[in-house]
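The values are calculated or read from the model by the stated rules, or taken from the named source; none is laboratory data. This structure is a prediction, so every number in the text was calculated from the model and none was measured. Backbone-built Cβ (ideal geometry, glycine too); neighbour counts: all protein chains shown. Ligands, DNA and RNA are excluded from the accessible area calculation, which covers all protein heavy atoms including side chains. Shrake-Rupley method; radii C 1.70, N 1.55, O 1.52, S 1.80 Å.
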Amino acid sequence: MTVIGDLLIRARRAVTGDAAQPEQPLAVGVTGGRVVAVEPLAGSRLAGRDTLELGEEVVLLPGLVDSHVHVCEPGHTEWEGFASATRAAAAGGVTTLVDMPLDSVPATVSADALAAKRRAADGQCHVDVGFWGGVIPGNTPELEPLARAGVAGFKCFLADSGAPDFPPVDVGQLAAALGVLAGLGRPLLVHAESARAVAPARAYAGRGYAGYLASHPRGLENLAVAEVIEAARVTGGHAHIVHLSSSDALPMIASAKREGVRLTAETCPHYLSLTAEEIGDGETAYKCAPPIREAANRELLWAGLQDRVLAMVVSDHSPCTVPMKAPDTGDFGLAWGGISSLQLGLPLTWTQARRRGIGLAQVAAWMSAAPARLAGLTAKGRIAAGYDADFCVLAPEESFVVDPGQLHHRHPATTPYAGRRLHGVVRLSLLRGQAVDPGRPRGKLLRRTQ
Ligand SMILES: [Zn+2]
């Protein structure tokens, strides 16, 4: 059968977002911004008004879905904003991002706040954008209105978030929220560092990375993860651990999943590519919480991904201004904790994956399909009929040196990756069948409906 569509992509190499489907030659037909047909390239009779012919040097991937991005607008637009963040996303092959509920003013803890955020984002996004709502003490009456207004799910902290308008919940409040959200069919994303031992972490000051690392021991995460598991077990709610750094917690997560607890977990490119051993004193660009740990920990996180204990890799793009990183003093106590890596998530992860013999089919499952599933984005994260025609065209064998001048987030000088050689050059991002055009923002604001 011949399908006449708007666009035919002829890819000699493609991955679909399904880890079980190896890289293969595919013909992909697109009409009205959606994939309408996918078939083996050999013998394909699909046709399109336009044809995108991809050579052997590039791989067609589903557009990446980054479910952990702090856009900070409105309120802290001097840190980051929808225009710059989504431009960085598109340059990095990310065609959908989901914005975190804190670091903006207002924080997304009510339906009114969500409306304010959507107004701020409207008309300036280069990729599609969804929103997480926030769970804070006392906002239980807002959870259902937020869910009805289309948030993908909710986020909470178990320790001080650093944002005064986004206080942490205690274990009882966590369980109560999970119970409510189970009824609403939405996941609860949890920043799993325990509040019980965080006081020394807040008190830490100095240029030494070892001191900073010691102030955020693995035990903080381990304790919190155990609490999240028990809350999910008791309530039947879906808990998702964000940015797992402590590999100690992997056996607990694996065991809970085996027992049927509704639990998922993510990690981030910085935990998978950087190590504590290489971070010099005063190098506050590397500060994040939980912190980057030792090389042995990094290897165990890779094993956790391969064992499917960790389901996904997302950026935790957490931007700030240059002075907020305290470059003059190099004081880890003063510096903002967060790394901006939206644009580099794919090359960072791929550079490490290929060294370990992991293919792009698996990387696409971690960076496209799994985060889309978490956020309930049923039309995103795969190359398959019925899905949005969002793609990333990657030259995987090509390498480049990270030049902050090429990064599109608001304060590229804050990157810890300057000067690093990475594999995987993003040649093109397509959003609903059309190349992302920096002069014409076409991103939609997404609402979760199921
Ligand atoms: Zn975050």
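Before moving on, here are some points about what is shown:
- For the range 315-372, the set of trypsin sites (Lys or Arg not before Pro) satisfying both a DSSP loop assignment and a count of at most 15 other C-beta atoms within 10 Å is given as Arg356.
- Summary of packing: across the peptides 243-249, 115-121, 28-34, the per-residue average of other C-beta atoms within 10 Å ranks them, highest first, as 243-249, 28-34, 115-121.
- Debye equation applied to the C-alpha atoms of the chain, log10 I(q)/I(0) at 0.06 Å⁻¹: -0.23
- Loop-resident GluC sites (Glu not before Pro) (DSSP state other than H, G, I, E or B) in the range 24-73 with no more than 16 further Cβ atoms inside 10 Å of their Cβ: Glu56, Glu57.
- Rounded to the nearest 10 Å², the accessible area of His408 at probe 1.4 Å: 80
- Inter-probe distance in nm under a simple model that places probes 7 Å from Cα toward Cβ, at Arg49 and Arg354: 3.6
- For the chain: lysine pairs under 29 Å (alpha-carbon distance), excluding those fewer than 8 apart on one chain: 13
- Interatomic Cα distance distribution for the range 284-401, bins of 10 angstrom, percent: 11, 35, 34, 17, 3, 0
- Within the accessible area of the chain (1.4 Å probe), percent carbon and sulfur: 53
- Prolate/oblate/rounded label for the range 1-113 (Cα gyration tensor, a/c 1.5): prolate
- For the range 51-152, diffusion coefficient by Stokes-Einstein and Kirkwood Rh (Cα), 25 °C, 0.890 mPa s, µm²/s: 169
- Peptides ranked, highest mean first, by Cβ atoms within 10 Å: ranges 337-344, 62-69, 373-380: 62-69, 337-344, 373-380
- For the chain, calculated [θ]222 nm from helices alone, where every DSSP H run of n ≥ 4 adds -39500 (n - 2.57): -8000 deg cm²/dmol
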